[in-house]
1. Yes or no: region 70-90 includes at least one residue that is closer than 22 Å to Ala115 by Cβ, in contact with a helix residue (DSSP H, G or I) (Cβ under 8 Å, 6 or more places away or on another chain), open to solvent by less than 40 Å² (accessible area, probe 1.4 Å) and small (Gly, Ala, Ser).
2. Give the number of residues within region 124-143 that are open to solvent by less than 40 Å² (accessible area, probe 1.4 Å) and in a helix (DSSP H, G or I).
3. Any residue in region 66-80 that's under 18 Å from Ser132 (Cβ atoms): show its pairings with residues that are of a type in the set (Gly, Ala, Ser) and open to solvent by 40 Å² or more (accessible area, probe 1.4 Å) at Cβ separation under 7 Å, as long as the two are six or more apart or on different chains.
4. Can you pull out every residue in region 69-92 that is in a helix (DSSP H, G or I) and β-branched (Val, Ile, Thr)?
5. Return the residues of region 45-67 that are open to solvent by less than 10 Å² (accessible area, probe 1.4 Å), hydrophobic (A, V, I, L, M, F, W, C) and either over 13 Å from the mean Cα position of the chain (by Cα) or within 13 Å of Glu104 (Cα to Cα) (or both); say none if nothing qualifies.
6. Name the residues in region 30-41 that are within 12 Å of Pro88 (Cα to Cα) and of a type outside the set (Gly, Ala, Ser), would you?
7. How many of the residues making up region 93-123 are more than 19 Å from Leu8 (Cα to Cα) and not in a helix (DSSP H, G or I)?
8. Identify the residue in region 1-41 that is small (Gly, Ala, Ser), in contact (Cβ under 8 Å) with a residue 24 or more places away in the chain and part of a helix (DSSP H, G or I) and, among all such residues, is least open to solvent (accessible area, probe 1.4 Å).
Amino acid sequence: MMATDKVLARIQRSWDALHDYVDTLAPQQITALTDAGGWTIKDHLIHLALWEGHLLRILNGEDLIAGFGVSEEVFKKGSDAVNAVLQPRYSDMPLDEVRAVMAESHAAVVARVAAMSEADLALPYHHYQPTSRRNAPIEGWIAGNTSGHYNSHLRWIKAIVED
């Protein structure tokens with residue numbers, strides 16, 4: 001298990017790398033260039049914010065389905081099905097609003113993680129979501145919806161620009 005300060009440092013490094021790159025792009029690149037799936041860079045950014053919000057709901061023991069505003073049927077099909085609903089829902093959101101949502105969700109997640117001890121990070125997922133049977137430490141979900149997620153999307157964003 002990693003200490004909380006190390007988890008936060010890893011999150012910050014990945015967040016900074018993502019934003020350092022995106023900040024070099026013109027707004028038109030962010031809103032007009034697309035990947036093979038039709039996602040703009042802006043779509044990738046709001047996606048990251050929405051999944052950080054999902055992580056916050058996990059950590060706070062909140063209803064995960066209601067948080068996304070999708071049906072239980074869609075939610076049970078997994079993240080690809082959820083993303084297929086969310087991407088068009090937010091595609092018209094202005095870039096400045098996307099950035100604001102990103103900043104807000106990120107700040108909330110960082111504050112929540114900062115309040116956690118190393119022991120809290122080692123607790124199983126089902127401690128935070130009692131109806132779940134998942135036993136893996138919550139730290140994996142934190143990484144998967146923050147640093148690991150930013151790194152994956154940064155690669156995809158770079159590919160959009162370079163194609």
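1. For region 70-90, residues closer than 22 Å to Ala115 by Cβ, in contact with a helix residue (DSSP H, G or I) (Cβ under 8 Å, 6 or more places away or on another chain), open to solvent by less than 40 Å² (accessible area, probe 1.4 Å) and small (Gly, Ala, Ser): absent.
2. 5
3. From residues that are under 18 Å from Ser132 (Cβ atoms), there are no pairs.
4. First, the residues of region 69-92 that are in a helix (DSSP H, G or I): 72-77, 79-90.
Once the filter is applied, which keeps residues that are in a helix (DSSP H, G or I) and β-branched (Val, Ile, Thr), region 69-92 yields Val74, Val82, Val85.
5. Passing the criteria: Leu45, Ile46, Leu48, Ala49, Leu59.
6. Once the filter is applied, which keeps residues that are within 12 Å of Pro88 (Cα to Cα) and of a type outside the set (Gly, Ala, Ser), region 30-41 yields Trp39, Thr40.
7. 2
8. Result: Ser14.
The values are calculated or read from the model by the stated rules, or taken from the named source; none is laboratory data. Here the structure is a predicted model, which means the values were calculated and not measured. Backbone-built Cβ (ideal geometry, glycine too); neighbour counts: all protein chains shown. All accessible areas refer to the heavy atoms of the entire protein, side chains included, with ligands and DNA or RNA removed. Shrake-Rupley method; radii C 1.70, N 1.55, O 1.52, S 1.80 Å.
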